[in-house]
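Contents: one structure, followed by commentary.
The values are calculated or read from the model by the stated rules, or taken from the named source; none is laboratory data. Since the structure is predicted, the reported quantities are computational estimates derived from the model, not experimental observations. Glycine also receives a Cβ, built like all others from the backbone with ideal geometry; neighbour counts cover every protein chain displayed.
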């Protein structure tokens, strides 16, 4: 009996230890080799982590062994491993395969054609695999090398062909293979960066890489959209979902840093969107950076009660004895807010956007769509389930795309294609489905008009800024405009409809500047969202720059990137009200007549519209009642 009792107590204690700091994800931090060497001893780690943990508690750390041609010293590594194990914190290894920082280029990779570099790469992984059962490669495992060795080895291949073959071979023969030989239990994970639409040109092959390695990690650092990459915040969600769809259950986490975080809300937003994508783990880069005080700047939206309440954060910090809260403290506060709702949200259920492996075209457009309120999720195979499929220009790279489209339409499915896709396919057979013409001309427009399925037209509405769109023409009555654009007495389609067999095809004309999608008036965005959301039981109405995240259990979340509160509506195909998951408050809706989109039959029923207000730079989560 005594042995059974002791075993039960031990089991309960182990379960508590596994529970972690949060209910729905693991909180981790990446420790760079320079910090491993700088801190150096168990005693110094005790001092460092005592202060660190007042701001942020961790479930796990990645301890780096190599970066910038610098190895972590053996004694320093031993001390770091010993310390974190003593605290019950999981440990894994980290490697950054970059060559001498930046000398000729901002980021300078190894030369994977150079035997001396390959020897270093193999030595680093073997040393690391001897210490850790899991290793993550920071996202420098790409190549931009154009030295004479690579030029000669490339021959007549394109840089993308040469580099992707080269890195896959190096991954197998010099990284994953040697790691498994040293430590058969070792799992080698490649962290992919945020620039997924440019991967192939620098050697990241998403058709092979996620399977050559034991899994992937995801860079969700969207930072500030005004910085050099101009990434849209929705990507912090969308890229997690994309990599998860490539190899399900082998996308092990999201990775965020404080780079470009001009205000703490922007940093927190990246954390929230990463976790709304249902990643099991989130890593902060890096340990040292999380010890620095966050930037205190004027936040005009503070008076509206955003999710990141810095007054509350500082009050909580003071109770912990923290006089100057750090970026780590911002992270923990953000984690607590999102953890309170994550458990209620099911699996993401989104509008599938087909992007063949390594295909190019309308780069990063999916993220602009997400910022315009469409819950878009990139998939690497043409969907065989569901009714709606979204095709951007990248999908034209599939040589069998027309056959797949026709089969989908014949079974009654809908397809929404972008103007870029149609233009790429107009001389490749798409006119056998229906005929438009990408004229090559441009139009500067400032007005849009929406039309219903029975000829009723809305008022002329101004766009927030004039925008340039590609001009498409069509045969009257073979197809018809759902949203028209106007300028000086002339007009062109923005959303267009035609039928094929039992299905519908919609063409969405994309502005030359993708961010001008945000300048469209709400009624135009509402019709685009409604048309694309055939498989969802709820869609959003309202302005752009509010992202919508749908789940398969009757729940959803929204995040506003506005600087002031914004009112949005949710249109429900079932249910009469919503409950706020965080507060439990119930919000009743109003009934209105259901209006179908073009191509769908009229139905004599009603739908429910629920209006809510979302604070600036904040999220809310709801359950349909």
- Item | Residue match in segment 304-319 (condition: touching a residue at least 24 places away in the same chain (Cβ under 8 Å), loosely packed, with under 12 Cβ neighbours inside 10 Å and assigned to a helix (DSSP H, G or I)) | no
- Task: Please go through segment 23-58 and pick out each residue that is assigned to a loop (DSSP other than H, G, I, E, B) and surrounded by 20 or more Cβ atoms within 10 Å (Cβ to Cβ).
- Result: 25, 32, 56, 58
- Message: So, in segment 285-303, how many residues would count as being assigned to a loop (DSSP other than H, G, I, E, B), out of contact with any strand residue (DSSP E or B) (no Cβ under 7 Å at 6 or more places or on another chain) and modelled with pLDDT of 95 or more?
- Response: 1
- residue 43 being modelled with pLDDT of 95 or more, touching a strand residue (DSSP E or B) at 6+ places or on another chain (Cβ under 9 Å) and over 18 Å from residue 292 (Cβ atoms): no
- Would you pick out the residues in segment 514-545 that are crowded, with 22+ Cβ neighbours inside 10 Å and in a strand (DSSP E or B)? 538, 539, 540
- Residues of segment 581-625 being in a strand (DSSP E or B) and in contact with a helix residue (DSSP H, G or I) (Cβ under 9 Å, 6 or more places away or on another chain), in sequence order, are 618, 619, 620, 621
- Could we say that residue 511 is modelled with pLDDT of 95 or more and outside any strand (DSSP E or B) here? yes
- Considering each of 218, 222, 212 in turn, give the residue that is out of contact with any strand residue (DSSP E or B) (no Cβ under 7 Å at 6 or more places or on another chain), at negative phi and surrounded by 24 or more Cβ atoms within 10 Å (Cβ to Cβ). 222
- Message: Based on this model, can you work out whether residue 508 counts as in contact with a strand residue (DSSP E or B) (Cβ under 6 Å, 6 or more places away or on another chain), crowded, with 23+ Cβ neighbours inside 10 Å and in the same structural domain as residue 416 (by TED's automatic domain parsing)?
- Response: yes
- Members of segment 429-459 found to be in a loop (DSSP other than H, G, I, E, B), surrounded by 12 or more Cβ atoms within 10 Å (Cβ to Cβ) and either modelled with pLDDT under 95 or within 34 Å of the chain's Cα centre (by Cα) (or both), listed by number: 429, 433, 434, 452, 453, 458
- Message: Return the residues of segment 407-427 that are over 26 Å from residue 535 (Cα atoms) and more than 32 Å from the chain's Cα centre (by Cα); say none if nothing qualifies.
- Response: 427
- Message: Report every pair of residues separated by at least 6 positions or lying on different chains whose Cβ atoms are under 9 Å apart, first residue within segment 117-134 and closer than 19 Å to residue 145 by Cα and in the same structural domain as residue 167 (by TED's automatic domain parsing), second surrounded by fewer than 17 Cβ atoms within 10 Å (Cβ to Cβ) and modelled with pLDDT under 95.
- Response: 120/69
